[in-house]
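**Student:** Here's a structure for you.
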Amino acid sequence: MNDALREKIIAALKTIFDPEIPVNIWDMGLIYDIKQDGDVIVITMTFTSPTCPMMEELLAQVHDTVANATGASVRVDLVWEPQWDLSRMSDAAKIELDLTNQGW
């Protein structure tokens, strides 16, 4: 995958927010991997909890947003390992959620 395509995908992912958290899913660290498998873009992601009530909607939104941004076929793989934790968040997300004094 070329850098321009990867940056376009990341920009698209940064437009997606969990309605309960004022931080986009990229900065939350929910996206574990972006790769290209032939003509398909594969997004590997997780959630903060397996009981997230918005899981299906957000998975669909990731698929549709990346597909619309790139014009490519997209597959979203949901994983639970490694388990998400606060250390996966960007510094910007930690600042937004006032988690800067947690000693990361």
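The values are calculated or read from the model by the stated rules, or taken from the named source; none is laboratory data. Computed from a predicted structure; not experimentally measured. Positions of Cβ are backbone-derived with ideal geometry, glycine not excepted, and every protein chain shown enters the neighbour counts.
**Student:** Search the stretch 48-76 for residues being among the hydrophobic types (A, V, I, L, M, F, W, C) and more than 13 Å from the chain's Cα centre (by Cα), and hand back the single one that is nearest to residue 34 (Cα to Cα).
**Tutor:** Of everything passing the filter in the stretch 48-76, 74 is nearest to residue 34 (Cα to Cα).
**Student:** Separate question: Hey, can you tell me all the residues within the stretch 6-27 that are charged (D, E, K, R) and over 15 Å from residue 43 (Cβ atoms)?
**Tutor:** Correct list: 18, 20, 27.
**Student:** Further question: If you take the residues in the stretch 53-104 that are at pLDDT below 90 and hydroxyl-bearing (Ser, Thr, Tyr), which one is nearest to residue 5 (Cα to Cα)?
**Tutor:** 90
**Student:** Right, something else. Taking the stretch 31-65, which residues are closer than 10 Å to residue 78 by Cα and touching a helix residue (DSSP H, G or I) at 6+ places or on another chain (Cβ under 8 Å)?
**Tutor:** Matches in the stretch 31-65: 31, 43, 45, 47.
**Student:** Which of the following residues is in contact with a Leu (Cβ under 8 Å, 6 or more places away or on another chain) and either β-branched (Val, Ile, Thr) or over 16 Å from residue 18 (Cβ atoms) (or both): 79, 62, 74, 42?
**Tutor:** Answer to the check: 62.
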